[in-house]
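A.B. asks: Handing you this structure, nothing more for now.
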């Protein structure tokens with residue numbers, strides 16, 4: 001191997017002069033909050049994924065919250081989802097006063113196991129919130145068949161899935177078209193494209209899109225852009241309880257430039273993932289991620305399962321000591337201290353549950369993924385030398 005490279009981060013945003021100039025353009029225009037750049041970004045993003053409507057918001061968590069409100073989730077309802085996801089997925093359900101009901105994952109894809117969904121549907125179930133975990137599309141066809149048979153809306157947590165694709169009726173289509181009812185995206189710096197932070201909802205339902213736009217701006221009846229350009233005095237009203245979930249024009253201007261880069265970024269990440277598959281195949285006991293034949297991941301993250309003889313924390317620490325950053329294989333919300341107080345379920349009546357704290361017999365695959373998997377560095381600018389460095393360090397750590 002060539003000269004050793006140190007300090008390889010887990011992720012690195014792909015930003016440059018084009019984004020800096022776009023931010024400057026918005027700043028110099030004098031309109032820096034939600035305005036014309038946001039509107040343009042919404043139109044361009046919706047066109048990219050093939051949706052009729054796109055609504056930009058402050059982050060993906062707020063997007064999930066608005067999506068759940070739009071489909072009618074209320075206090076006392078239940079929403080089926082996964083524990084094996086960033087805590088924001090479950091939190092958005094709790095924001096509505098509803099209870100997340102967790103379903104276990106498929107070990108090969110880290111996504112919700114559709115076979116287990118019907119077992120937890122109850123008369124309180126109001127929606128299904130699926131996650132395209134670390135960019136890998138979940139089995140939407142099977143999930144939608146189940147949802148439609150029970151007249152339940154499907155919301156896609158596509159926070160990590162910008163640029164991912166799914167084979168739909170013989171054609172490759174972008175996640176976010178949407179194939180469910182609403183899809184929600186993140187532009188956090190760890191995602192494939194970024195606006196610093198930010199989110200987007202896509203839907204083909206014009207009434208829901210109208211609700212998103214009212215809710216994100218305190219329920220204001222007249223947008224700032226309309227009032228600003230009016231030739232007569234206009235007083236807005238506030239017909240509903242809303243939120244301050246707006247995206248700024250500075251962020252949106254950056255997002256428009258990022259969207260132009262997206263095809264190149266996804267192509268590069270797919271190449272890097274293929275390279276990892278080739279370089280890692282010789283590590284005994286290491287299990288590599290699986291991409292179903294009907295899915296094309298954007299490879300937002302590359303997650304591997306460690307050999308049975310390896311200790312996760314020890315491997316991660318040895319890699320960090322060698323200058324290679326990693327992350328555990330996603331968290332499990334039901335194990336977090338906050339959810340010792342917050343309501344959640346797994347389909348078992350609480351008084352019948354015999355599980356120990358921090359463990360659930362119905363979420364064993366989720367817990368094993370958290371405890372036995374790690375995410376390796378992957379970013380657009382990553383070099384072959386850096387990938388070889390990661391593999392060499394991982395191999396040495398697994399042999400201890």
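Throughout, read-outs are computed from the coordinates displayed, never taken from laboratory work. Just so it is clear, the model here is predicted, and its values are computed rather than measured. Note that each Cβ is placed from the backbone with ideal geometry, even for glycine, and that neighbours are counted across all protein chains shown.
A.B. asks: Convex hull over the alpha-carbon atoms of segment 78-172: what's its volume per residue in Å³? Numbers along the way, then the final one.
C.D. replies: Details: hull volume 9.0 nm³, N = 95.
Convex hull of Cα atoms, per residue: 95 Å³.
A.B. asks: Still on this model: In terms of the Cα gyration tensor, with a ≥ b ≥ c the square roots of its eigenvalues, is segment 1-153 rounded because a/c is under 1.5, prolate because a/b exceeds b/c, or oblate?
C.D. replies: Values: a/c = 2.31, a/b = 1.40, b/c = 1.65.
Oblate shape, in that a/c is at least 1.5 and b/c is the bigger or equal ratio.
A.B. asks: Now for a different question. Sort 169, 77 so the one with the fewest other Cβ atoms within 10 Å of its own Cβ comes first.
C.D. replies: Working: 169 6, 77 17.
By the 10 Å Cβ count, ascending, the order reads 169, 77.
A.B. asks: So, one more: Can you tell me the order of 146-155, 307-316 when each peptide is scored by its average per-residue count of other Cβ atoms within 10 angstrom, highest first? Don't jump to the answer; show the numbers that get you there.
C.D. replies: Details: 146-155: 17.2, 307-316: 14.8.
Packing order, densest peptide first, comes out as 146-155, 307-316.
A.B. asks: Among 183, 40, 252, determine the one that fluctuates most according to a GNM of the chain built with springs between C-alpha atoms less than 10 Å apart.
C.D. replies: Maximum fluctuation in the GNM of the chain, among the listed residues, is at 40.
A.B. asks: I'd like the antiparallel share, as a percent to the nearest 5, of DSSP beta bridges with both residues in segment 17-260.
C.D. replies: Details: 16 of 31 bridges.
Of the beta bridges lying entirely in segment 17-260, close to 50 percent run antiparallel.
A.B. asks: On a C-alpha basis, how far is the centre of segment 258-280 from the centre of segment 288-349 in Å? Whole number, if you could?
C.D. replies: Computed from Cα coordinates, the inter-centre distance equals 21 Å.
A.B. asks: For a paramagnetic label modelled at 7 Å from the Cα of residue 236 toward its Cβ, which residues of segment 48-69 fall within the zone defined by backbone nitrogen distances under 16 Å?
C.D. replies: Within reach of a label on residue 236, which here means backbone N under 16 Å from a point 7 Å along Cα→Cβ, segment 48-69 contributes 56-58.
A.B. asks: Also: Is the shape of segment 246-400 rounded, prolate or oblate, going by the alpha carbon gyration tensor and its root eigenvalues a ≥ b ≥ c, with a/c under 1.5 for rounded and a/b larger than b/c for prolate? Walk me through the numbers on the way to the answer.
C.D. replies: Working: a/c = 2.05, a/b = 1.23, b/c = 1.67.
Oblate, because a/c is 1.5 or more while a/b does not exceed b/c.
A.B. asks: Right, here's the next one. Between residue 343 and residue 222, with labels modelled 7 Å along Cα→Cβ, what's the label distance in nm to one decimal, could you check?
C.D. replies: Once both label points are built, they end up 4.0 nm from each other.
A.B. asks: Just to be sure I understand: with springs between alpha-carbon atoms less than 10 Å apart, which residue in 258, 274, 232 has the highest mean-square fluctuation in the Gaussian network model of the chain?
C.D. replies: Greatest mean-square fluctuation among the candidates belongs to 232.
A.B. asks: In addition: If packing is taken as the average count of other Cβ atoms within 10 Å, what order do 121-127, 279-285 fall into, highest mean first? If you can, show how the numbers build up before the last one.
C.D. replies: Numbers: 121-127: 15.7, 279-285: 13.3.
Per-residue Cβ counts within 10 Å, averaged per peptide and sorted highest first, yield 121-127, 279-285.
A.B. asks: Which order, highest average first, do 331-343, 185-197 follow once you tally other Cβ atoms within 10 Å for each residue and take the mean per peptide?
C.D. replies: On the way: 331-343: 16.3, 185-197: 23.5.
Descending packing order for the listed peptides: 185-197, 331-343.
A.B. asks: May I pose another question? Using only Cα atoms, locate the centre of segment 92-137 and the centre of segment 183-255, then give the distance between them in Å, rounded to an integer.
C.D. replies: 27 Å
A.B. asks: Please find the FRET efficiency linking residue 282 to residue 385, where r is the Cβ-Cβ separation and R0 is fixed at 25 Å, and quote it to the nearest 0.05. It would help to have the intermediate numbers written out before the result.
C.D. replies: Details: r = 18 Å, r/R0 = 0.73.
Taking R0 as 25 Å, the efficiency between residue 282 and residue 385 is 0.85.
A.B. asks: Stretch residue 18-residue 6 to full length: gain in nm at 0.36 nm per residue minus the Cα-Cα span?
C.D. replies: Details: separation 12, 0.36 × 12 = 4.32 nm, distance 2.85 nm.
The residue 18-residue 6 span can extend by a further 1.5 nm.
A.B. asks: A further question on this structure: Would you mind calculating the relative contact order of segment 17-260 from Cα pairs under 8 angstrom and at least 6 residues apart, reporting the percent as a whole number?
C.D. replies: On the way: 526 pairs, mean separation 67.6, N = 244.
It rounds to 28 percent for segment 17-260.
A.B. asks: Report for segment 108-229 the percent antiparallel among DSSP-assigned beta bridges with both residues inside it, nearest 5.
C.D. replies: Working: 9 of 16 bridges.
Within segment 108-229, antiparallel bridges account for around 55 percent of the total.
A.B. asks: Could you check which residue among 66, 262, 378 shows the biggest mean-square fluctuation in a GNM of the chain with a 10 Å Cα cutoff?
C.D. replies: In this elastic network of the chain, the residue with the biggest mean-square fluctuation among 66, 262, 378 is 262.
A.B. asks: Report relative contact order for segment 170-248 in percent, whole number only (criteria: Cα-Cα under 8 Å, sequence separation at least 6).
C.D. replies: 23 percent
A.B. asks: Turning to a different aspect of this structure: Please say if the chain is rounded, prolate or oblate, where rounded means a/c under 1.5 for a ≥ b ≥ c the square roots of the C-alpha gyration tensor eigenvalues, and otherwise the choice is prolate for a/b larger than b/c and oblate otherwise? Intermediate results must be reported in sequence, preceding the final value.
C.D. replies: Working: a/c = 1.95, a/b = 1.22, b/c = 1.60.
It comes out oblate by the Cα gyration axes.
A.B. asks: How big is the antiparallel share of DSSP beta bridges in segment 75-136, given as a percent to the nearest 5? Intermediate values should be presented prior to the final figure.
C.D. replies: Details: 1 of 9 bridges.
So the antiparallel bridges in segment 75-136 amount to around 10 percent.
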